[in-house]
Amino acid sequence: MATYRGNFRRRGGSQERRNSLGLDGDKLNRLLDILDHRGNSEAALKRIHVRWPFRCDSLVFRLIEGFGSRREFKVAARNLSNSGLSVIHNAYVHPATECEVLMPLAQSGEQATQTVRGVVRRCQHVQGVVHEIGVSFSEPVDARQFLALDSLPAYYSMETIDPAKMEGTILHVEDSAVDRRLFAHYLADTRVIVKSAETIEEAKQKVRESFDLVVLDLQLPDGTGLELVTWMRDNGIMAPVIVLTADSSRETHLKLCSAEVNGFLTKPVDPATLQRAITEYLRLSEDRTGGATDDALKALAGTFIAELGSTIDDLRACREKEDAMTAYSIVLRLKGTAPALGFNQLANVCDRAASALAASMSCEESSRQLDALLDACERIKHRRAG
């Protein structure tokens, strides 16, 4: 059952209304149970994004009305997806009204919020004064930042997939010829390009080709898939990784959760689940390398990439002169700018290089991390040039 977020807060001995309906935890959960039961009859195939229970007793909701004026009140939330939100309120709200919702960040405490813009798509009378409002977000969000989900197996945001629209490049690391053919068969109706490797050593040679996603088996002839992941991260290769394994033990689960992998699937994997997982991470990979979505930030991202050539030259000059302080300054500048423009993979590599330089204050002793950073910059520069 979905968890209930929040309790009544007391100020001056009186209870504050947490939402416009004045419902507390038990009453709110009973109402949402009824709505969920009714909603089970809806055709999920009409939805693109999965909806998760998001029972929050108090969200700040702002209607943006004529001439930009805002009317603010508190609502209770029912469910959430990457593309929208369902809330309940004590009055009718006209569809097509623009709005803002202050969404609580799951890992940052109740006080930390993010403002999400959207449009009211529907307002349905439920009973009495209760109305359910459906909000469509202006831009898709990553629902994980608002939900306490397991970061590995639980999260697939896509509910329906058109295989013909799937595209990207995948490195599949698997020693079984039958499993490699089965994997390719599951993606035969897509535009995904699959290249394969049978061993860790072969994968190390191929993975530098800048794949959108790496899918690997946990047990390989020359080691484990996690050894390959560690090598990739140490060498600045931050492509998303999905691990396939027939071992569903708790111990293996904990190992995967502590490793720098993005997801795992337990064998045998059906075609629909595999496609959902791959679509998720191909989409995330595109977001990470694609930078921000609005035109102004896209232009800034282009400038950032154009300047990577001189940044690479500056870092190489620092290594030749053993100028660790200047190298550290360059790395920190990259680390601070890259995430704002959507280059989160590069920021992770910068973080490793900055930590190494700060600990040693030596370019020579930080050579492995600096090599990884230079390789990451080169890949971004050449990929965009192509």
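Here, each number is a calculation from the coordinates, and none is a lab measurement. Bear in mind that the values here come from a model prediction, so they are computed numbers and not experimental data. Every residue, glycine among them, receives a Cβ derived from its backbone with ideal geometry; neighbour counts consider all protein chains shown.
Along the axis of the charge dipole computed for segment 307-353 (Cβ charges of +1 for Lys and Arg, -1 for Asp and Glu, origin at the Cα centre), the listed residues GLN345, ILE330, ILE312 are led at the positive end by GLN345. Peptides 204-216, 243-255, 21-33 ranked from most to least packed give 204-216, 21-33, 243-255, packing being the mean of other C-beta atoms within 10 angstrom over each peptide's residues. Please label the shape of segment 233-278 as rounded, prolate or oblate, based on the square roots a ≥ b ≥ c of the eigenvalues of the alpha-carbon gyration tensor (a/c under 1.5 means rounded; beyond that, a/b larger than b/c means prolate, else oblate). The shape class here is oblate.
Summing Lys and Arg as +1 and Asp and Glu as -1 over all other residues whose Cβ lies under 13 Å from the Cβ of THR266 gives a net charge of -1. Under 23 Å of direct C-alpha separation, and excluding same-chain neighbours fewer than eight residues apart, LYS255 reaches these lysines: LYS204, LYS267.
In what sequence do GLU365, GLU100 fall when counting other Cβ within 10 Å, fewest first?
Result, fewest neighbours first: GLU365, GLU100.
Scanning residues 5 or more positions from LEU244 or on other chains, those with amide H under 5 Å from its amide H are LEU216, ASP217, LEU218, LEU265, with H placed 1.01 Å from N in the peptide plane.
Rounded to 0.05, the FRET efficiency of the SER248 and LEU182 pair, given R0 = 25 Å and the Cβ-Cβ distance, is 0.85.
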